[in-house]
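Since the structure comes first, as C-alpha cells, the remarks are kept for the end.
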Amino acid sequence: MVDTGRTPVKMSNEEFLARVRSEFPYAVEGGREIPVRTVLKTLERHVSAGEWQHLTSRVPNSFAALLP
C-alpha cells in the first residue's frame with residue numbers, strides 16, 4: 001500500500017458514494033454504487049485471499065455492505 005501521508009477521512013457510505021459520484025465524471029446507469037462495486041470486485045480478483053480478508057476485516061460494518 002502506498003502511504004500518501006494523508007490522514008484517512010471518516011465518512012458515511014452516502015458521503016463516500018457522493019464523493020465517488022462527484023469525482024467520477026461519467027454517467028452510469030444503475031446509480032453511483034455500480035462503479036464502486038465494480039472496482040471492489042476487480043480488486044478482490046487481483047489480490048490474494050489473505051490480503052482481501054485483511055482489507056475486509058478493517059472496513060466499517062456499514063461499508064461491508066458494498067463488498068462483494
Q: Scan (1) 26; (2) 7; (3) 32 for the value of percent of Cα pairs over 21 Å apart calculated from this model and give just the label.
A: (3)
Q | the chain: angle of helix 49-58 to the longest principal axis, Cα-based, in degrees nearest 10 | A | 70 degrees
Q: For the chain, calculate the relative contact order in percent as a whole number, restricting contacts to Cα pairs under 8 Å that are 6 or more residues apart.
A: 34 percent
Q. Which whole-Hz ³J(HN,Hα) couplings does segment 29-41 yield from phi under the Karplus relation 6.51 cos²θ - 1.76 cosθ + 1.60, θ = phi - 60°, glycine and proline marked x?
A. 5, x, x, 6, 6, 4, x, 5, 4, 5, 5, 5, 5
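Applying 1/(1 + (r/R0)^6) with R0 = 30 Å to the Cβ-Cβ distance of residue 28 and residue 58, what FRET efficiency is obtained, to the nearest 0.05?
On the way: r = 27 Å, r/R0 = 0.89.
The computed FRET efficiency comes out at 0.65.
Rolling a 1.4 Å sphere over the protein heavy atoms, what is the accessible area per residue of the chain, to the nearest Å²?
Values: 5680 Å² over 68 residues.
The answer is 84 Å² per residue.
For every helix of n ≥ 4 consecutive DSSP H residues, a contribution of -39,500 (n - 2.57) applies; sum these over the chain, divide by its total residues, and give [θ] at 222 nm rounded to the nearest 500 deg cm²/dmol.
Numbers: 4 runs with 39 residues, N = 68.
Calculated at 222 nm, the ellipticity per residue is -16500 deg cm²/dmol.
The values are calculated or read from the model by the stated rules, or taken from the named source; none is laboratory data. Treat the numbers as computed from the prediction; the structure is a model and nothing was measured. Neighbour counts run over all protein chains shown; Cβ positions are idealised from the backbone, glycine included. Just so you know, the surface numbers come from the protein's heavy atoms only, side chains and all, with ligands and any DNA or RNA stripped out. Shrake-Rupley method; radii C 1.70, N 1.55, O 1.52, S 1.80 Å.
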